[in-house]
1. Expressed as a whole percentage, what fraction of the accessible surface of the chain belongs to carbon and sulfur atoms when a 1.4 Å probe is rolled over the protein heavy atoms?
2. Which of rounded, prolate, oblate describes the chain, given a ≥ b ≥ c as roots of the alpha-carbon gyration tensor eigenvalues and a/c under 1.5 marking rounded, otherwise prolate only if a/b is larger than b/c?
3. Taking 30 Å as R0, compute the FRET efficiency from the Cβ-Cβ separation of residue 240 and residue 155 and round it to 0.05.
4. Between residue 69 and residue 357, how many nm apart are label points set 7 Å from Cα along the C-beta direction?
5. Taking 0.36 nm per residue of sequence separation and subtracting the Cα-Cα distance, how much length would be gained by fully extending the chain between residue 207 and residue 294, in nm to one decimal?
6. Near residue 146, which aspartates and glutamates are there with a Cα under 13 Å away, not counting those fewer than 8 places off in the same chain?
7. Give the percent of DSSP beta bridges with both residues in the chain that are antiparallel, rounded to the nearest 5.
8. Quick one: among 166, 105, 83, which has the greatest mean-square fluctuation in a GNM of the chain with alpha-carbon springs under 10 angstrom?
Amino acid sequence: MTERVRVPIDLGERSYEVVVGERLLEHSADILSPIVAGRRVFVVTDEVVRARHLHRLAPVLGEVASGYETVLIPLGERTKSFAQLEVLLNRLLDLGMDRRSVLLALGGGVVGDVAGFAAALFMRGVDFVQVPTTLMSQVDSAVGGKNAINTRHGKNLIGTFHQPRAVLNDVTVLHSLPRRELVAGYGEIVKYGLIRGERVFSWLEQHGPAALALDEQAPQQALIEAVRMGCETKGDIVAADERDQGRRAIINLGHTFAHAIETEVGYGALLHGEAVAAGLAAAAALSAKLGYCETALVERLRRHLGAVGLPERIAALATQRNWDPAALMAHMAHDKKTVGGRVAFVLLRGVGEPFVDNTVPEAAVLTVLAEECSRHNADTRR
Ligand SMILES: NC(=O)c1ccc[n+]([C@@H]2O[C@H](COP(=O)([O-])OP(=O)(O)OC[C@H]3O[C@@H](n4cnc5c(N)ncnc54)[C@H](O)[C@@H]3O)[C@@H](O)[C@H]2O)c1
Ligand SMILES: [Zn+2]
């Protein structure tokens, strides 16, 4: 048996395990059997993931389920819509899915979000399994039970909480992921390292590049450990605040900046994890500017981001634009995380010491944004 580790997500009667390992798709009968034995499974996936990975999981489903069907949804973020949700739900009804059936999401965060939402709605909720296939979805979207679609009012505003019964994180599926998607997903792992503390963050500094090297011949211990740590961190935060009432907010470290960056460039121009990386640097720089942490922490974070190929500041993002700090500031003011008129930032007192601050003066944010957006700063660092 190949190496695998288990991360318990502790949510009372909704508890489940995230299993992380190599070649789990082929070796998941023991994990899936208690959930799907004697039941029909409906696999929701997209054409890219179906072509590359469904044949690996299919024999297991053939063995343990009473039958399975595959439903393809279109590629890309636009699939997270009311229209596509309706198409999917009708397709599942056409195929004879019932309340005892199990929905299985095989794909990235888009597939996981649409399938998870469908699982929550179908006959008021059916069992759901996540088999995430991007690094981003393995450490973030597949864990925690949130799902959402987009509307013309913004991203992820309509959704539910519906926990999966299990999450299967097979790191070997990441071999087929475009390098840029893989590295972007690591941006969320850096975030978890900053939240967790010195031991984890220095482990990432030492092993992060190796984790991302994806040598098919070598065991993937570093990658398995990085994914395990990410899931454990997200799981702990979710367990403390399943329905996002407040404590889950520290998970948004770097994201106030990241969302402003994404809004400014338009969705699709940058990958979310790239915006998160630049956002983490900005959050650290803001923390230092306000005297909460040492500037050495900011430099250290930038070095690690650079070492794995992530942007270490806004100006280093892969777009040719001249960034306008005031425009980014305006997007933040519209962010849904605004509390009482002030923008809420997750800041750092140090590695492992995140906290939410909604008293940050606008002038400090603008100063930091101007520095992070400056090409001069970016160039002199190289
Ligand atoms: N629900 C949550 O808590 C939560 C959290 C974070 C992000 N999200 C959502 O997740 C989405 C982003 O997810 P994502 O980053 O996984 O992107 P994605 O789902 O768009 O996948 C990116 C691309 O990679 C392809 N792909 C997936 N796995 C592959 C593989 N193994 N090999 C080759 N290609 C593969 C997909 O077909 C897709 O074209 C966003 O919509 C975001 O809002 C949700
Ligand atoms: Zn994120």
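1. 49
2. prolate
3. It comes to 0.75.
4. Roughly 5.4 nm, to one decimal.
5. Length difference between fully extended and current span is 28.9 nm.
6. Hits, sequence-local ones excluded: 113, 241, 242, 244.
7. Taking every DSSP beta bridge within the chain, about 35 percent pair in antiparallel fashion.
8. Evaluated over the chain, the most mobile residue of the options is 83.
The values are calculated or read from the model by the stated rules, or taken from the named source; none is laboratory data. This is a predicted model, so every value here is computed, not measured. A quick note on method: Cβ atoms are made from the backbone with ideal geometry, for glycine too, and the neighbour counts reach across all protein chains shown. Surface areas here come from the heavy atoms of the whole protein model, side chains and all, with no ligands, DNA or RNA. Shrake-Rupley method; radii C 1.70, N 1.55, O 1.52, S 1.80 Å.
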